[in-house]
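What follows is a set of notes on a single structure, which appears directly below.
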Number of protein chains: 2
Amino acid sequence: MDLSRRAAEIQASPIRKLMPYANAAKKQGIRVYHLNIGQPDIETPAAMMKVYHELSEKVIAYGPSQGLDVYRKSLVTYYGRHGIHVSEDDIIVTTAGSEAIVFAMLVTCNEGDEIIVPEPFYTNYNGFATMAGVALVPVTTYAETGYCLPEIAQIEKLRGPRTRAIMLCNPGNPTGTVYSHDEMQAICELALRHGLYVISDEVYREFVYDGAVHTSVMHIAGMEENGILVDSISKRYSACGARIGCIVSKNKSLMTAVLKFAQARLCPPTVDQLAANACVYLPDDYIEAIQREYKARRDLVYEELLQIPGVVCRKPQGAFYVTVKLPVPDAEDFVIWLLKEFQVDGETVMCAPANGFYATPGLGEDELRIAYILNKDDLTKAMHIFRAGFEIYRASR
Amino acid sequence: MDLSRRAAEIQASPIRKLMPYANAAKKQGIRVYHLNIGQPDIETPAAMMKVYHELSEKVIAYGPSQGLDVYRKSLVTYYGRHGIHVSEDDIIVTTAGSEAIVFAMLVTCNEGDEIIVPEPFYTNYNGFATMAGVALVPVTTYAETGYCLPEIAQIEKLRGPRTRAIMLCNPGNPTGTVYSHDEMQAICELALRHGLYVISDEVYREFVYDGAVHTSVMHIAGMEENGILVDSISKRYSACGARIGCIVSKNKSLMTAVLKFAQARLCPPTVDQLAANACVYLPDDYIEAIQREYKARRDLVYEELLQIPGVVCRKPQGAFYVTVKLPVPDAEDFVIWLLKEFQVDGETVMCAPANGFYATPGLGEDELRIAYILNKDDLTKAMHIFRAGFEIYRASR
């Protein structure tokens, strides 16, 4: 029985593909520090857990396809605090950020249309593009310049007759890069000049350090028709398993079309929406504490990486990832080696090879991504193992 | 700003499209009995609610893309009870039945490929087909014969070079029809003869009455490579808002491909899965009580419908829907009339016009779907209003 072409083409998760090596290590009794995935160890807010504990509904019923009214109203408040002025009608709640991205692709692109995206990029964009039949056209960014955006002219060169949108992740996964207001302004001007959409993935909005300021696509004047914000509560409230996101746009006909796709799948999870709603009313110091914690983790990882001779890494200002270029030809081989052949006192560490984050074949082979999602004690141990391992690995090559 | 062609083409929900009329009636203080949607009023099982109430996790984390191990193991038990013998590896948990259908379409079909589906069919199949770029080819069934399957030769005639699958909903939404073992056998033989998949939507598995026996695609011998079961807990446990479904197949390469699509969206809702897990261990009499309740409701609706002269309706044996052919040219006009111009003691009723359930233009204009999802008291009142309204409507035409 034949499967579809897209069933053959869809990318297996490069973040999860090395899991068999990790599982084999664990079977031998080795503890593996997972710096390969974006699952934070921060506790989900008590106010959110309380909603599950005190659920009083008798029937877990369908909610509206656009999301629960109460939650959409709260999101208006949430975005207002971030200088993003939208109404409920500009918001459709989705099953996590994933669905928001798929919807954004489906309403802007036909099969075979193109979206320009800076690489390295969040690898699951590939899967969503396969689902929507969209071609991702990468514009390469470099470790040497902290993965900032290239000259606009270079992005413009990639534009063709089928280009429909530019997709950004800001702050960036896997790079941790925060785009400046000027960069966002320039990208949006390019989009306006050529009638393109800007699909802006802002799930790490709050994760900015060193005084960096996050610029939303919704902050840029004139983007009412062209701007699409995709979002998720997963990282912000350490609630990855709650599967609540949203798509936001002031483009009314676009949102009407999104609603029709949303109606086909009926609704996002009802109870998780109620729980997400509570998070909008957390005290300000909740996010401040998270920021302090992640900044400390980032500093720890960055300091350790700087100790490695020949490493290329600019200090990232956002998200909870560092992508680093190592002085070895094959970072994936190093990641596998750490799992298969290395340990310190029965412990080792797992990272994500960065080649899977590039669409251009051959790029990122000497890079890997570290997610600093473990507490400082574990992270300290994990980074010591990483460094010690790297020294031995490199000397043996 | 142009949207995509599919954004223009995707069907607005025919079940929800008349909601503005219902809302207008409610604004005037009129109570509307909703028989237009498949949201049961049955309470979600206490054992399921208990899982939310006693949730002990500190972090609502990503689960595995294929679903939580504990839940997949439970599903093996659940299916075993229904004579469906599968292993955990044959099951991938999805975000409701909706996602299971989209995955099934994506892995079996390329853009432009065709799936044959008996009409009237669950209208959201249209939306999923638009998302996957698949063409649905309808084979018409008729009120006069209880919407049973037509002769196999007639289905066979619709097969073309791009046909990849046959999709069934059994028991049927919107018809309530239960396919016999012979019908399922014949469909599966057709599929095997021509190398087609059978995508079997069995979310109403337990909802069978009058001794009718449900036949799963997984019951038919030889369908290991060709059979795909899509499922959902929404109706069975009155948990529509929990968004937990699954896709089941013994075709290993197909499931490997599904897993890659599943990895792109990371995971289905974690807490809802834990809650769904509890439902597998409900006592047998839970489902028996539900069956008795729905059977009584069906009898009530059916008896009332029979009182209407000229109505065409065979007693349906499953699900919680009746599709009925009325002696009027435009059933949608009648539905709108009930909402706009009719009331009994400040109450009226809403049904779903059936034209939206047909893919063939012009069919179903004189049919509507009644979902018997209200308690017997409300349903009695609703059906009296329906009948009284119909008499006046018809006399005035």
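Every number here is computed from the coordinates shown, using simple stated rules; none is lab data. Small disclaimer: the values here were computed from a predicted structure and weren't measured. For neighbour counting, all protein chains shown are included, and Cβ atoms are generated from backbone atoms with ideal geometry for every residue, glycine included.
Residues A:231, B:377, arranged from fewest to most other Cβ atoms within 10 angstrom of their Cβ, appear as B:377, A:231.
Within chain B, DSSP assigns beta bridges of which about 45% are antiparallel (rounded to the nearest 5). How far apart are the residue A:46 label points across copies, placing each 7 Å from Cα toward Cβ, in nm, shortest first? Shortest to longest, the spacings are 2.9 nm. Put simply, the amide H of residue B:349, placed in the peptide plane, has neighbours under 5 Å in B:33, leaving out anything fewer than 5 places away on its chain.
Here the Gaussian network model covers chain B, with springs between Cα atoms less than 10 Å apart; of B:138, B:329, B:268, B:329 fluctuates the most. For the residue pairs A:27/A:235; A:17/A:235; A:73/A:235, the alpha carbons lie more than 24 Å apart in A:27/A:235.
Considering only B:359, B:289, B:276, the Gaussian network model of chain B with Cα springs below 10 Å gives its largest mean-square fluctuation to B:289.
Segment residue B:27..residue B:253, full-extension length gain: 76.0 nm, with 0.36 nm per residue of separation and the alpha-carbon distance subtracted. Here the 3J(HN,Hα) profile of segment B:22-37, calculated from phi with Karplus coefficients 6.51, -1.76 and 1.60 at θ = phi - 60°, is 5, 5, 5, 4, 4, 4, 7, x, 8, 7, 10, 7, 8, 9, 8, 10 Hz, Gly and Pro shown as x. Sequentially through segment B:118-126, phi angles give Karplus couplings (6.51, -1.76, 1.60; θ = phi - 60°) of x, 10, x, 10, 3, 4, 6, 4, 4 Hz, Gly and Pro residues having no value and appearing as x.
The fraction of all Cα pairs in chain A landing in successive 10 Å bins from 0 to the largest distance is 5, 23, 32, 26, 13, 2, 0, given as whole percents.
Rounded to the nearest 20, the size of the Cβ-charge dipole of chain A about its Cα centre is 580 debye, with Lys and Arg at +1 and Asp and Glu at -1. Where both partners of a DSSP beta bridge lie in segment A:46-279, what percent of those bridges are antiparallel, to the nearest 5? Looking only at bridges with both residues in segment A:46-279, the antiparallel portion is about 35 percent. Shielding value for A:238-246 is 6, the average number of Cβ atoms from other chains within 10 Å of each residue's Cβ. Remark: the Cα gyration tensor places segment A:30-144 in the oblate category, a/c being 1.5 or greater and a/b not exceeding b/c. Computed from phi, the 3J(HN,Hα) profile of segment B:53-69 under the Karplus parametrisation 6.51, -1.76, 1.60 (θ = phi - 60°) reads 5, 10, 3, 10, 4, 8, 10, 7, 9, 3, x, x, 4, 7, x, 5, 3 Hz, with x in place of Gly and Pro. Placing a label point 7 Å from the Cα of residue A:395 along the Cα-to-Cβ direction, the residues of segment A:331-366 whose backbone N falls under 15 Å from that point are A:342-344. Ranked for footprinting exposure by Cβ neighbours inside 10 Å, fewest first, B:314, B:205, B:369, B:31 give B:31, B:314, B:205, B:369.
Take the alpha carbon gyration tensor of the protein assembly as shown, find the square roots of its eigenvalues, order them as a ≥ b ≥ c, and report rounded if a/c is under 1.5; if not, report prolate when a/b exceeds b/c, else oblate. Verdict is prolate for the protein assembly as shown. For chain B, modelled as a GNM with alpha-carbon contacts under 10 angstrom, which of B:55, B:68, B:306 fluctuates the most? Judging by the Gaussian network model, the answer is B:55. The Cα center of segment B:279-300 and the Cα center of segment B:246-261 differ in position by 31 Å. Distance from a point 7 Å along Cα→Cβ of residue B:46 to each backbone N in segment A:42-72: keep the residues under 19 Å and list them by number. What the label zone holds, given the 19 Å backbone N cut-off, is A:53-60. Sorted shortest first, the distances from the residue A:77 label point to those of the same residue in the other copies are 4.2 nm; each point sits 7 Å from Cα along Cα-to-Cβ.
Over all residues in A:105-111, what is the mean tally of Cβ atoms on other chains that come within 10 Å of each residue's Cβ? If you average over the peptide's residues, the count of other-chain Cβ atoms is 6.
Determine the shape class of segment A:1-79: with a ≥ b ≥ c the square roots of the Cα gyration tensor eigenvalues, call it rounded for a/c under 1.5, and otherwise prolate if a/b is greater than b/c, oblate otherwise. Oblate. Across identical copies of the chain, residue A:28 has label-point separations of 7.7 nm, listed in ascending order, with the point defined 7 angstrom from Cα along Cα→Cβ.
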